[in-house]
Amino acid sequence: MAAFEYRDDRLFVEGLALDELATRFGTPAYVYSRAAIEAQWRAFDEGLEAVPHLVCYAVKANSNLAILNLLARLGSGFDIVSDGELERVLRAGGDSGKVVFSGVGKSEWELRRALAVGILCFNVESEAELERLNHLAGEMSLRAPVSLRVNPDVDPKTHPYIATGLREHKFGIAMEDAVDLYRRAHAMSHIAVHGIDCHIGSQLTELEPFAEATRRVLALADELLAAGLELTHLNLGGGLGIRFCDENPATPAVYTQLLCELVQGRPFKLLIEPGRAIVGNAGLLLTRTEYIKHSGAKHFAVVDAAMNDLMRPALYQAWHDIAPVHLRADIDSETYNVVGPVCESGDVLGAERTLKVVAGDLLAVHSAGAYGFSMSSNYNSRPRAVELMVDGSEVRVVRERERVEQLYAGESLLPD
Ligand SMILES: *Cc1c(COP(=O)(O)O)cnc(C)c1O
């Protein structure tokens, strides 16, 4: 992908030099490439051309309105996990009729709101949720379109915090309970059963777990059809991984080809919910080195981005490539821990990185487009970073840098 590349010794995003963006907008800054986001979405959509399908972008990966709007313009559907995400999709011009709603803990008001705007499907994760939905839809004189999320008990071979498709996880309905619950759902007066849903985890770098989960879902579909229970779609979730370091996940083209082969000839519309694979490598976190610090045998590059801006290294021990914005030839490289200002020893963006860097230098933390800004917080009362969208040689602020006053705008003192 040429969205991020060096020209001579300077790192560019599409047509713009990152050092100029840092001067204009300050750091830390999230920088996204429009071309990269659109190309990845299209790769999924075109890969599924052979079958009826809908690509539902998983909003939690990056919920910036500008990104949702770009995808809405391409005709994308959306996978949401809260009312907040639903409101973002609507605000960004997304089609409520292309929204699927996932999550184990949908509240009454969230279900009511989604029923009122007429979403495509509720991915129901328990019997109790199904009953609540039937009741609420009844009150509104509606029928709620549902898929039951099944748990195919497949090991996705990923980090335990982002594996979801094993029996012991809180997600989905056990396969052996599924037929019975489908029967009950079909009998409910305010439920319309549309499909089967599954999502086995995130950052999958092997295809076999996807294939195995799909085969198990298809076997269940056959069982349901044989029992006279109709279905119109299969939702195979998201989870395709990206390259952070030396992983070699399948491309969207190879992944979608596999799905097409598995479901070809079946009477189902295919839904998928990729998040990370659309935006992950379409964004980076731009940060400036504040200090170089030597402590015993350790060398630290103390930068102005921190774990509150990008939580993945601290939360998942995730690796993000960290690269200089200016390639230097004038100094020797050294091994650094790249750390932020937050008062936690876990505030390490990258450990043991070989870099040529001096105080004041800019660094790019790559692969930060997914689960970067969307997981960021104000810990240590740090205003969240500005978000920039580059489009050719243009740049737009798609979220302003937070101001300190905003951090305590809703707080109040006790009366005397
Ligand atoms: C998080 C999630 C996704 C997206 O996962 P990615 O790994 O970002 O593709 C899709 N569906 C569900 C139900 C999820 O929870």
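Since every read-out is calculated from the coordinates, none of them should be taken as a lab result. These numbers come from a predicted model, not from an experiment. Here the Cβ is made from the backbone with ideal geometry for all residues, glycine too, and neighbour counts use every protein chain on show.
Looking at the chain, the DSSP beta bridges with both ends there are about 50 percent antiparallel. The C-alpha atoms of the chain define a longest principal axis, and helix 127-139 lies at about 70 degrees to it. For segment 154-170, the Karplus equation 6.51 cos²θ - 1.76 cosθ + 1.60, evaluated at θ = phi - 60°, returns couplings of 10, 7, x, 6, 9, 4, x, 6, 10, 8, 10, x, 9, 3, 7, 7, 6 Hz by residue, with Gly and Pro reported as x. Separation of segment 120-147 from segment 259-302 is 33 Å, based on Cα centroids.
Whole-percent P(r), segment 277-390, all Cα pairs, 5 Å bins from 0: 2, 12, 24, 26, 19, 11, 5, 1, 0.
How big is D for the chain, in µm² s⁻¹ as a whole number, if Stokes-Einstein is applied with the Kirkwood radius of its Cα pairs at 25 °C and 0.890 mPa s? Estimated via Stokes-Einstein, D reaches 108 µm²/s. Of the GluC sites (Glu not before Pro) found in segment 1-103, those in coil by DSSP whose Cβ has at most 10 other Cβ atoms within 10 Å are Glu49.
From the alpha carbon centroid of segment 188-251 to that of segment 331-395 is 34 Å. Cβ-to-Cβ counts within 10 Å put Cys245, Cys198, Cys56 in ascending order as Cys245, Cys56, Cys198, the fewest first. Taking +1 at the Cβ of each Lys and Arg and -1 at the Cβ of each Asp and Glu, which of Val13, Phe122, Ala92 sits farthest along the dipole of the chain towards its positive end, judged by Cα position relative to the Cα centre? So the residue furthest toward the plus end is Ala92.
Quick one, what does Rg over Rh come out to for segment 131-194 if you take C-alpha atoms and the Kirkwood Rh?
1.10
Computed from Cα atoms, the angle from the helix 175-187 axis to the main principal axis of the chain rounds to 60 degrees.
For the chain, the residue among Leu71, Ala163, Asn235 whose Cα projects farthest onto the positive side of the dipole built from Cβ charges is Leu71. Only Lys, Arg, Asp and Glu carry charge here, each on its Cβ (+1 for the first two, -1 for the last two); on that basis the chain has a dipole of about 460 debye about its Cα centre. Our Cα-only numbers for segment 1-111 put the radius of gyration and Dmax at 16.9, 56 Å.
With contacts taken as Cα pairs under 8 Å at a separation of at least 6 residues, the chain carries a relative contact order of 19 percent.
Residues in segment 337-351 carry Karplus couplings, in order, of 8, 8, 10, x, x, 5, 7, 8, 5, x, 7, 10, 7, x, 9 Hz; the curve used is 6.51 cos²θ - 1.76 cosθ + 1.60 with θ = phi - 60°, and Gly or Pro positions show x.
For a modelled paramagnetic label at Ala50, 7 Å from Cα along Cα-to-Cβ, the residues of segment 258-272 in reach, with backbone nitrogen under 12 Å, are 258-266.
Under the convention that each Lys and Arg Cβ holds +1 and each Asp and Glu Cβ holds -1, the size of the dipole of segment 34-276 around its Cα centre is about 660 debye. Highest mobility in the GNM of the chain, judged by mean-square fluctuation with C-alpha springs under 10 Å and restricted to Ser393, Ser367, Ser126, is found for Ser393. Backbone amide hydrogens, once placed in the peptide plane, bring His299 within less than 5 Å of Asn337, excluding anything fewer than 5 places away on its chain. Once the Kirkwood radius over Cα pairs is known for segment 336-389, the Stokes-Einstein relation at 4 °C and 1.567 mPa s delivers a diffusion coefficient of 99 µm²/s. Close amide H pairs (under 5 Å, H built 1.01 Å from N) link Val99 with Phe78, Leu120, Cys121, residues at least 5 positions away or on another chain. Compared with the dominant Cα axis of the chain, that is its longest principal axis, helix 208-226 is turned about 20°.
For the chain, what does the helix formula give at 222 nm: sum of -39500 (n - 2.57) over DSSP H segments with n ≥ 4, over the residue count, nearest 500 deg cm²/dmol?
-8500 deg cm²/dmol
Set the Cα radius of gyration of segment 34-276 against 2.2 N^0.38 Å, with N its number of residues, and you get 0.95. Of the residues Ala277, Ser295, Pro267, the one whose Cα sits farthest towards the positive end of the charge dipole of segment 263-416 is Pro267 (charges of +1 on Lys and Arg Cβ, -1 on Asp and Glu Cβ, taken about the Cα centre). Need one word for segment 11-76: rounded, prolate or oblate. Basis is the Cα gyration tensor (sqrt eigenvalues a ≥ b ≥ c); a/c below 1.5 gives rounded, then a/b vs b/c decides. Prolate, since a/c reaches 1.5 and a/b exceeds b/c. When the listed pairs Lys98/Lys170; Lys170/Lys269; Lys293/Lys356; Lys157/Lys269; Lys106/Lys269; Lys98/Lys157 are checked against a 19 Å cut-off, the alpha-carbon distance exceeds it for Lys98/Lys170; Lys170/Lys269; Lys157/Lys269; Lys106/Lys269; Lys98/Lys157.
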